[in-house]
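Chemist: Can you keep this structure in mind? I'll have questions shortly.
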Amino acid sequence: MDNEKEYYAHPTAVIDEGCKIGKGTKIWHFTHIMSNCEIGENCNFGQNVVVSPGVILGRNVKVQNNVSIYTGVICEDDVFLGPSMVFTNVINPRSAVNRKSEYARTLVRHGASIGANATIVCGNDIGEFSFIGAGAVVTKPVPAYALLVGNPARQTGWMSEYGHRLKFDEKGFATCPESNETYLLKDGKVSKIS
């Protein structure tokens with residue numbers, strides 16, 4: 001375990017052996033970081049969070065209250081995990097059948113946001129800067145910059161890196177109202193061009 005002076009852990013937090021925790025990370029009340037996790041710098045864990053063995057989180061990952069991050073989940077830098085959102089790691093769980101060898105990987109790409117009470121069915125990668133609405137149930141891979149809502153989740157638009165809905169013109173260009181960055185929608189994919 002890293003030098004505790006480099007990150008903050010509330011006295012009620014439990015951090016198991018073999019974890020690597022980056023400088024500036026804050027771990028709040030009743031959170032359990034299980035063995036062999038890798039957590040980047042400047043992450044924040046709300047109350048009552050569980051991070052299962054071997055989970056990898058990048059820099060500046062924000063984990064809100066009551067989130068469980070199960071083995072097989074990888075979050076890149078700047079990911080937001082909303083309150084009580086849910087990851088899974090087995091497609092067909094049964095109490096009497098041990099499927100630890102079948103954990104599916106779920107990769108949450110850089111800058112993605114997952115809203116409160118959303119569910120991510122394992123094995124579905126979440127694209128960079130995508131935005132999963134509150135309560136959505138994701139059952140398939142999510143494209144970069146996509147906005148998904150509902151159960152099952154369906155794409156209803158595109159989002160900027162600043163979290164604003166993009167409105168594309170007839171040539172396929174859109175501008176974020178906050179950053180003034182320009183995006184291009186071409187062949188069903190969005191990319192930032194400035």
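Chemist: Taking ASN60 as the residue in question, decide whether it is buried (at least 18 other Cβ atoms within 10 Å of the Cβ), part of a loop (DSSP other than H, G, I, E, B) and either of a type outside the set (A, V, I, L, M) or at pLDDT below 95 (or both).
Modeler: When the stated conditions are applied, ASN60 passes them.
Chemist: Checking ASN89 against (1) farther than 19 Å from TYR7 by Cα; (2) polar (S, T, N, Q); (3) surrounded by fewer than 20 Cβ atoms within 10 Å (Cβ to Cβ): exactly one of these is not met. Which one?
Modeler: (3)
Chemist: For region 136-155, indicate whether the set of residues that are charged (D, E, K, R), more than 22 Å from PHE87 (Cα to Cα), in a loop (DSSP other than H, G, I, E, B) and at pLDDT 95 or above is non-empty.
Modeler: No: region 136-155 contains no residue that is charged (D, E, K, R), more than 22 Å from PHE87 (Cα to Cα), in a loop (DSSP other than H, G, I, E, B) and at pLDDT 95 or above.
Chemist: Considering only region 14-44, state which residues are touching a Leu at 6+ places or on another chain (Cβ under 9 Å), within 16 Å of THR71 (Cα to Cα) and crowded, with 17+ Cβ neighbours inside 10 Å.
Modeler: The answer is CYS37, ILE39.
Chemist: Considering every residue within region 21-39, establish whether at least one is among the aliphatic types (A, V, I, L, M), under 30 Å from PRO143 (Cβ atoms), within 14 Å of the chain's Cα centre (by Cα) and modelled with pLDDT of 95 or more.
Modeler: yes
Chemist: If a residue must be in contact with a Lys or Arg (Cβ under 9 Å, 6 or more places away or on another chain) and among the polar types (S, T, N, Q), how many such residues does region 27-69 contain?
Modeler: 3
Chemist: In region 18-34, what count of residues is obtained for those that are touching a Ser or Thr at 6+ places or on another chain (Cβ under 9 Å) and among the hydroxyl-bearing types (Ser, Thr, Tyr)?
Modeler: Within region 18-34, residues that are touching a Ser or Thr at 6+ places or on another chain (Cβ under 9 Å) and among the hydroxyl-bearing types (Ser, Thr, Tyr) number 1.
Chemist: Inside region 55-77, can you point out the residues that are in contact with a Phe, Trp or Tyr (Cβ under 9 Å, 6 or more places away or on another chain) and not hydroxyl-bearing (Ser, Thr, Tyr)?
Modeler: VAL55, VAL61, LYS62, VAL63, GLN64, ASN65, VAL67, ILE69, GLY72, VAL73
Chemist: Look through GLU102, GLU178 and report the one residue that is at pLDDT below 95, farther than 18 Å from SER191 by Cβ and of a type in the set (Asp, Glu).
Modeler: Selected residue: GLU102, the only one of GLU102, GLU178 that is at pLDDT below 95, farther than 18 Å from SER191 by Cβ and of a type in the set (Asp, Glu).
Chemist: Follow-up question, since we're still on this one. Looking at region 118-141, I want the residues that are on the phi > 0 side of the Ramachandran plot and surrounded by fewer than 18 Cβ atoms within 10 Å (Cβ to Cβ) and have a partner that is of a type outside the set (Ser, Thr, Tyr) and in a loop (DSSP other than H, G, I, E, B) with Cβ atoms under 9 Å, at least 6 apart or on another chain. Which pairs are those?
Modeler: Sorted first by the residue in region 118-141, then by its partner, the pairs are GLY135/GLY115; GLY135/ALA116; GLY135/ASN117; GLY135/ALA118; GLY135/GLY150; GLY135/ASN151.
The values are calculated or read from the model by the stated rules, or taken from the named source; none is laboratory data. If you're wondering where the values come from, they're calculated on a predicted model, not measured in any experiment. Because the Cβ atoms are built from the backbone with ideal geometry, glycine has one as well, and the counts that use them run over all protein chains shown.
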